[in-house]
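*Asks:* Mind having a look at this structure? Questions to follow.
The values are calculated or read from the model by the stated rules, or taken from the named source; none is laboratory data. None of the values given here were measured: they were computed from a predicted structure. Don't worry about glycine lacking a Cβ; one is built from the backbone with ideal geometry, like all the others, and counts go over all protein chains shown.
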Amino acid sequence: MDTIANDFTINIATANGTGSQSANLILLQSLFEMGVPVSGKNMFPSNISGLPTWYIVRLSDHGYQAPGNRTHIQVLVNPATWHEDLESLEPGSVVIWNENAKMEMTRDDVISYPVPMSALARKINPKIAKLVTNIIYVGVMAEILGIDQAELEAAVAKQFKGKTKAIELNVTALGLGRDYFKENLSKSDPYVVERRVNDKPQFFIEGNEAVALGCIYGGVQLLAWYPITPSSSIAEGIINYIPQLRTDEDGNTTCAVVQAEDELAAAGMILGAGWAGGRGMTATSGPGISLMQEFIGLGYFAEIPSVFWDVNRVGPSTGLPTRTQQSDITMLYEGSHGDTQHIVLIPGTIQECFEFGWRAFDYAERFQTPVFGLSDLDLGMNRWACEGFEYPDQEMDRGKVVRDRDVFEAFEDFGRYLDIDGDGIPYRTLPGSGMDPILYRGTGHNSKGAYSEKPHDYYELMQRLKRKIDGARDLLPAPILREETECEIGIVYLGSMETTIQEIDDILEATGIKVSQCRVRALPMHSEVENFIRRHEMTIVLEINRDGQLYGILRKELPNDLITKVRSVAYSDGIPPRAGIYAQLILDTLKEGEL
Amino acid sequence: MSDTPKKPARAIKLNVLNEPKDSYTGGKSSLCPGCGHDQISNVIISAAWENGIEPHRVAKMSGIGCSSKTPAYYLGQSHGFNTVHGRMPSVTTGAYTINKDLLYIGVSGDGDSASIGIGQLIHAIRRNMDMLYIVENNGVYGLTKGQYSATADIGSKKKKGAPNQTQPIDLCALAINLGCTFVARSFSGSKKQLASLIKAAMSHKGFALIDVISPCVTFNNNDESMRSYGYVKENEITLHMTDYIPHFNPVEEVEVPEGHFRDITLHDGSTIRLETISAEHDPSNAVAALAALHNAETDKKHVTGLLYFDSSKPSLAEDLGLVDIPLVDVPNEVLRPQKETLDKINAALHS
């Protein structure tokens, strides 16, 4: 039989809270250390213990990181999803299943490897058999696929850092799994793991941790947050790094952390911080942003720097709290009542999570306005390969803050909202400075900051705000373009779709269609996006949502002659984007376009 | 040229900073003539002036409502933030983390504090944030034209509509139960008491709540109202006479006989002297304070004075473990860790 090396998808079905996450991460880490391009997606429920959870491991020498279009190897531990998981398999798939689960193998067209996982686990320690069961299947898989024992043991050591007992126990369990397969079963599937040499050493890290680290290097001074999945690990990441990076020898810190009573308060706190001249941020998800709308409008209208990270989960309402989506785009861009427009930074890679983490503060202070980071659950909570973080290549930009009286007095005329430079960005003084004391307000105001309902004052203020944010377009991160020469079709996409785009591209190319790619990295959109669309006969806007929110923004902002060139492909079912689905939708849309 | 002799210039009174009172005034009020809130604004002006506070070191915070407009009418040399309805505590908390050395004076109303913003008030108290929080409490919503608020007393009747039958929220009782470290009630018509309480609150480290009954002359100053000027004057129970002795003036000789007063030393070394009127009130006794509030409510009275005081709790700045200088003054080079630290992190992640 021919072997299939490093090109298959493993699906591991377990129950939440049984320790399967550690086992799965050990599997992922050991594959990664063998140099195999691999990605892991944790499909977990909104629950602490007992509900079904799946972990999808994709091995791909092409570097594909999306979940595959099918499962090649199924691990069955959880009786609750047993039949559903079994039935969804294609004939010839491999099934590694727990013989002690009191469930039947109902398929005779699959390669079946029954393993008494619970019984083996009980041999080690009956009290924690449930936890050990999971590491047994990793041992079995290691034997079937040829995963290096040394790498496995290193991964165990990494997972349980210094906990000798746990390390010993897990290594024993791995051995039991391996030995059981060796002694009782024989390999009849084609899947193998082959070591690869990676010229550039990489490590695995979650997007949220990268954002957290970026914020620390952005000089965050106040983290105000309210716990919400899937954003909490940004806040927890910052909290974890503060002792090492932002604390002096006396144990005092330059970054305050307040766990707020709710998202409204978190937003209020970071506006207070911005008003006082500091760098305040919060991390939340869609429901939190919904609650923060009132303050977002105040931040825009009173021109207060503030940074909001939104790790998008599936909406509307509570939605699917542990699934991924790109559905907060419009809410961020046009947040709060009245006419507003906000700066949104959209990372698509781990490095960008870090980079936009620190840049967000610079933009917020430069443009004196709320700035959003838009990540999502897939990017934020799954582990991604990273070569390392690059130190900020620019000094911190604190924006137009007048700190010295000499500077202040040199102004011919001064007003908090006076457009002195003609770029829509006024100068500000800070509380406590004694310069230009004003009462900031969310009510209408004139260029001096005084209350005003005068038509002219309101009109001019709103026009200046528009000019200010519009002026940010080409100063924000430019789109990433991958253009084929003389190519008629362009794809505009954003964020974590980056991990799927290459596979989509390859599928399309196999059908004879070449496309160019443009990844939007910020709102308002860079003029290069418009130029990209102009250069192509047709552009498809690809997003992980139902309504095509980015497409909607483009339709609103593009000149009339370009609007008809743009089509929407939007799809979302909560699972990270699978290339096959989007490629097919693109093909369908192109077909429609021909008619 | 006129022959009439020049009037001798009257010496302008200066405070301990050599500042005239004018340095503490604000813009012209747009509230209804006679509004209790304007009297409170005047007391804030006097208190800040007499306490010798640098005007630019004050931050004026407010939410939304008649009360929340008043920061425009005092301390014109201070920055301020008229935020959104009920959310002033959170904005103040954020500002405070960045500049803990300013004196935060929050002014709120009963709609702002007892309804839409009650959660934020509660949590600001819980954190013992350093601020003076004044509730200008009139029992009605003024700007929306006279609906009852959550502090309207049972049986009280505003100018229009039926008497209120819903249980009121007593913000002082709430604050005491939450462990608030300075809780007082006063009346906008009792200038002397209000002034000494506000001055004492300015000297307090921690959260100081002063609930000030401040009659609404337009919607709730009729005879059947329990928050009218007339009713409060008739039905005020004063716990004690209050005198404030600033730290820059030595404590004067005792004017009242020994045993008839209680001196409380405040964080900055100033003193508030509570002189017994009839029975002595012990402000360190939360149960006694709650009993006084409860009895007054039962008798349809308003009890005023320093209800509760506690100097033993750490304030938010201490809890946060911040560096000594306000975060706003920390230089960029300190805020952004050096490049070597990131090299180390990269190396650790690679290992």
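*Asks:* When you check B:THR144 against the structure, is it surrounded by 19 or more Cβ atoms within 10 Å (Cβ to Cβ) and not charged (D, E, K, R), yes or no?
*Replies:* On the way: surrounded by 19 or more Cβ atoms within 10 Å (Cβ to Cβ): no; not charged (D, E, K, R): yes.
No: the conditions fail for B:THR144.
*Asks:* Can you say whether A:SER327 is surrounded by fewer than 24 Cβ atoms within 10 Å (Cβ to Cβ), under 16 Å from the mean Cα position of the chain (by Cα), in a loop (DSSP other than H, G, I, E, B) and modelled with pLDDT of 95 or more, as far as the supplied structure shows?
*Replies:* Details: surrounded by fewer than 24 Cβ atoms within 10 Å (Cβ to Cβ): yes; under 16 Å from the mean Cα position of the chain (by Cα): yes; in a loop (DSSP other than H, G, I, E, B): yes; modelled with pLDDT of 95 or more: yes.
It is true that A:SER327 is surrounded by fewer than 24 Cβ atoms within 10 Å (Cβ to Cβ), under 16 Å from the mean Cα position of the chain (by Cα), in a loop (DSSP other than H, G, I, E, B) and modelled with pLDDT of 95 or more.
*Asks:* Going through segment A:434-457 one residue at a time, which ones are at the interface with chain B (Cβ under 10 Å from one of its Cβ atoms) and surrounded by fewer than 16 Cβ atoms within 10 Å (Cβ to Cβ)?
*Replies:* Correct list: A:THR443 only.
*Asks:* Pick out, from segment B:234-351, the strands (runs of 3 or more DSSP E) lying fully within it that include 3 or more residues that are at pLDDT below 95 and loosely packed, with under 14 Cβ neighbours inside 10 Å. Give the steps one after another, and end with the answer.
*Replies:* Working: elements: B:236-238, B:240-245, B:261-265, B:271-276, B:302-309.
Counting at least 3 such residues, we get no strands (runs of 3 or more DSSP E) at all.
*Asks:* In the set A:PRO316, A:PRO305, A:PRO321, which member is within 14 Å of chain B (Cβ to nearest Cβ), of a type outside the set (Phe, Trp, Tyr) and more than 24 Å from B:ILE118 (Cα to Cα)?
*Replies:* Values: A:PRO316 fails: within 14 Å of chain B (Cβ to nearest Cβ); A:PRO321 fails: within 14 Å of chain B (Cβ to nearest Cβ).
Only one candidate qualifies: A:PRO305.
*Asks:* Something else now. With the requirement that a residue be under 16 Å from A:SER336 (Cβ atoms) and more than 7 Å from chain B (Cβ to nearest Cβ), what does segment A:255-279 give you?
*Replies:* Residues of segment A:255-279 that are under 16 Å from A:SER336 (Cβ atoms), as a first pass: A:263-264, A:266-268, A:270-271, A:274.
A:GLU263, A:ALA266, A:ALA267, A:GLY274 - these are the residues of segment A:255-279 that are under 16 Å from A:SER336 (Cβ atoms) and more than 7 Å from chain B (Cβ to nearest Cβ).
*Asks:* Of the residues that sit in segment A:219-254 and are assigned to a loop (DSSP other than H, G, I, E, B) and touching a Pro at 6+ places or on another chain (Cβ under 8 Å), which one is nearest to the other protein chains (Cβ to nearest Cβ)?
*Replies:* A:ARG246
*Asks:* Which one is farthest from A:SER568 (Cα to Cα) among residues in segment A:502-527 that are in a helix (DSSP H, G or I) and without any contact (Cβ under 8 Å) to a residue 40 or more places away in the chain? Outline the logic, then answer.
*Replies:* To start, the set of residues in segment A:502-527 that are in a helix (DSSP H, G or I) comprises A:502-510, A:527.
This time we only want the ones that are without any contact (Cβ under 8 Å) to a residue 40 or more places away in the chain, so: A:505, A:509-510.
Details: A:ASP505: 17, A:GLU509: 20, A:ALA510: 22 Å.
Result: A:ALA510.
*Asks:* Just one of B:ALA152, B:ALA175 is more than 30 Å from B:ARG57 (Cβ to Cβ) and out of contact with any Lys or Arg (no Cβ under 6 Å at 6 or more places or on another chain); which is it? First the steps, then the outcome.
*Replies:* On the way: B:ALA175 fails: more than 30 Å from B:ARG57 (Cβ to Cβ).
It is B:ALA152.
*Asks:* Here's another thing I want to ask about it. Any idea which of (1) in contact with a Lys or Arg (Cβ under 8 Å, 6 or more places away or on another chain); (2) crowded, with 18+ Cβ neighbours inside 10 Å is the one A:ARG383 doesn't satisfy?
*Replies:* The failed condition is (1).
*Asks:* Let me ask you something else. Look at A:ILE304 and say whether it is at pLDDT 95 or above and under 18 Å from the mean Cα position of the chain (by Cα). Step through it out loud before you land on a result.
*Replies:* Details: at pLDDT 95 or above: yes; under 18 Å from the mean Cα position of the chain (by Cα): no.
When the stated conditions are applied, A:ILE304 does not pass them.
*Asks:* Got a sec? Which of A:ALA265, A:ALA212 is crowded, with 24+ Cβ neighbours inside 10 Å, assigned by TED's automatic domain parsing to the domain that holds A:GLY335 and touching a His at 6+ places or on another chain (Cβ under 9 Å)? Talk me through it step by step, then tell me what you get.
*Replies:* Working: A:ALA212 fails: touching a His at 6+ places or on another chain (Cβ under 9 Å).
Answer to the selection: A:ALA265.
*Asks:* Which of the residues spanning segment A:127-140 are over 16 Å from A:GLN21 (Cβ atoms) and surrounded by 17 or more Cβ atoms within 10 Å (Cβ to Cβ)?
*Replies:* Step one: of segment A:127-140, the residues over 16 Å from A:GLN21 (Cβ atoms) are A:127, A:129, A:139-140.
Within segment A:127-140, A:ALA129, A:GLY139, A:VAL140 meet the criteria.
*Asks:* Within the bounds of segment A:459-479, is there any residue that is charged (D, E, K, R), in a loop (DSSP other than H, G, I, E, B) and under 28 Å from B:THR92 (Cβ atoms)? Don't jump to the end; show me each part of the working.
*Replies:* So the first thing to find is which residues in segment A:459-479 are charged (D, E, K, R), and the list is A:460, A:464, A:466-468, A:470, A:473-474.
Adding the requirement that they be in a loop (DSSP other than H, G, I, E, B) leaves none.
No: zero hits.
*Asks:* I'd like the full set of residues that are surrounded by fewer than 24 Cβ atoms within 10 Å (Cβ to Cβ) and either touching a Lys or Arg at 6+ places or on another chain (Cβ under 8 Å) or facing chain A (nearest Cβ under 8 Å) (or both), limited to segment B:117-127.
*Replies:* B:GLY119, B:ILE122, B:HIS123, B:ARG127
*Asks:* State whether one or more residues within segment B:158-173 are touching a helix residue (DSSP H, G or I) at 6+ places or on another chain (Cβ under 6 Å), outside any helix (DSSP H, G or I) and buried (at least 24 other Cβ atoms within 10 Å of the Cβ).
*Replies:* no
*Asks:* Follow-up question, since we're still on this one. I want to confirm something. Restricting to segment B:174-191 and keeping residues that are surrounded by fewer than 23 Cβ atoms within 10 Å (Cβ to Cβ) and either out of contact with any Ser or Thr (no Cβ under 8 Å at 6 or more places or on another chain) or free of Cβ contacts under 8 Å to residues at least 12 places away in the same chain (or both), which single residue is farthest from B:GLY206 (Cα to Cα)?
*Replies:* B:GLY189
*Asks:* Identify the residue in segment A:388-422 that is assigned to a loop (DSSP other than H, G, I, E, B) and loosely packed, with under 10 Cβ neighbours inside 10 Å and, among all such residues, is farthest from the other protein chains (Cβ to nearest Cβ).
*Replies:* As a first pass, look at segment A:388-422 and keep what is assigned to a loop (DSSP other than H, G, I, E, B): A:388-400, A:402-404, A:411-422.
Filter once more, keeping what is loosely packed, with under 10 Cβ neighbours inside 10 Å: A:393-394, A:412-413, A:422.
Numbers: A:ASP393: 11, A:GLN394: 11, A:GLU412: 22, A:ASP413: 19, A:GLY422: 26 Å.
Residue satisfying both the conditions and the ranking: A:GLY422.
*Asks:* For segment B:80-109, enumerate the residues that are more than 7 Å from chain A (Cβ to nearest Cβ) and either hydrophobic (A, V, I, L, M, F, W, C) or under 13 Å from the mean Cα position of the chain (by Cα) (or both).
*Replies:* B:MET88, B:PRO89, B:LEU103, B:TYR104, B:ILE105, B:GLY106, B:VAL107, B:SER108, B:GLY109 - these are the residues of segment B:80-109 that are more than 7 Å from chain A (Cβ to nearest Cβ) and either hydrophobic (A, V, I, L, M, F, W, C) or under 13 Å from the mean Cα position of the chain (by Cα) (or both).
*Asks:* Right, something else. Applying the selection to segment B:107-141, what residues are under 13 Å from B:GLY206 (Cα atoms), of a type outside the set (A, V, I, L, M, F, W, C) and in contact with a Phe, Trp or Tyr (Cβ under 8 Å, 6 or more places away or on another chain)?
*Replies:* Once the filter is applied, which keeps residues that are under 13 Å from B:GLY206 (Cα atoms), of a type outside the set (A, V, I, L, M, F, W, C) and in contact with a Phe, Trp or Tyr (Cβ under 8 Å, 6 or more places away or on another chain), segment B:107-141 yields B:ARG127, B:ASN128, B:ASP130, B:TYR133.
Okay, residues lined up against (1) in contact with a Phe, Trp or Tyr (Cβ under 6 Å, 6 or more places away or on another chain); (2) of a type in the set (A, V, I, L, M, F, W, C); (3) crowded, with 21+ Cβ neighbours inside 10 Å:
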{"residue": "A:MET1", "(1), (2), (3)": "no, yes, no"}
{"residue": "A:ALA5", "(1), (2), (3)": "no, yes, no"}
{"residue": "A:SER30", "(1), (2), (3)": "no, no, yes"}
{"residue": "A:PRO45", "(1), (2), (3)": "no, no, no"}
{"residue": "A:ARG70", "(1), (2), (3)": "no, no, no"}
{"residue": "A:TRP97", "(1), (2), (3)": "no, yes, yes"}
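*Asks:* I need the full set of residues from segment B:288-316 which are on the phi < 0 side of the Ramachandran plot, small (Gly, Ala, Ser) and within 19 Å of the chain's Cα centre (by Cα), in order please.
*Replies:* B:ALA289, B:SER311, B:SER315
*Asks:* In segment A:190-218, what count of residues is obtained for those that are under 18 Å from A:MET34 (Cβ atoms), at the interface with chain B (Cβ under 9 Å from one of its Cβ atoms) and either within 19 Å of the chain's Cα centre (by Cα) or of a type in the set (Asp, Glu) (or both)? Quick ask: steps written out before the conclusion?
*Replies:* Start the filter on segment A:190-218 by keeping residues that are under 18 Å from A:MET34 (Cβ atoms), which leaves A:191-204.
From what's left, at the interface with chain B (Cβ under 9 Å from one of its Cβ atoms): A:201-204.
Narrowing further to those that are either within 19 Å of the chain's Cα centre (by Cα) or of a type in the set (Asp, Glu) (or both): A:202-204.
Total satisfying the criteria: 3.
*Asks:* Does B:GLY76 satisfy the condition of being facing chain A (nearest Cβ under 10 Å), surrounded by fewer than 24 Cβ atoms within 10 Å (Cβ to Cβ) and touching a residue at least 40 places away in the same chain (Cβ under 8 Å)? Give the derivation first.
*Replies:* Details: facing chain A (nearest Cβ under 10 Å): yes; surrounded by fewer than 24 Cβ atoms within 10 Å (Cβ to Cβ): yes; touching a residue at least 40 places away in the same chain (Cβ under 8 Å): yes.
Yes; evaluated as a whole, the condition is true for this residue.
*Asks:* Go through (1) surrounded by 15 or more Cβ atoms within 10 Å (Cβ to Cβ); (2) in contact (Cβ under 8 Å) with a residue 60 or more places away in the chain; (3) in contact with a strand residue (DSSP E or B) (Cβ under 7 Å, 6 or more places away or on another chain) for A:GLN159 and report which single condition fails.
*Replies:* Going through (1) surrounded by 15 or more Cβ atoms within 10 Å (Cβ to Cβ); (2) in contact (Cβ under 8 Å) with a residue 60 or more places away in the chain; (3) in contact with a strand residue (DSSP E or B) (Cβ under 7 Å, 6 or more places away or on another chain) one by one, A:GLN159 breaks only (3).
*Asks:* Tell me, which helices (runs of 4 or more DSSP H) wholly within segment A:532-595 include 2 or more residues that are in contact with a strand residue (DSSP E or B) (Cβ under 9 Å, 6 or more places away or on another chain), surrounded by fewer than 20 Cβ atoms within 10 Å (Cβ to Cβ) and in the same structural domain as A:GLU503 (by TED's automatic domain parsing)? Even if it seems obvious, please write down each step before you answer.
*Replies:* Numbers: elements: A:549-557, A:560-563, A:579-594.
Helices (runs of 4 or more DSSP H) meeting the threshold: A:549-557, A:579-594.
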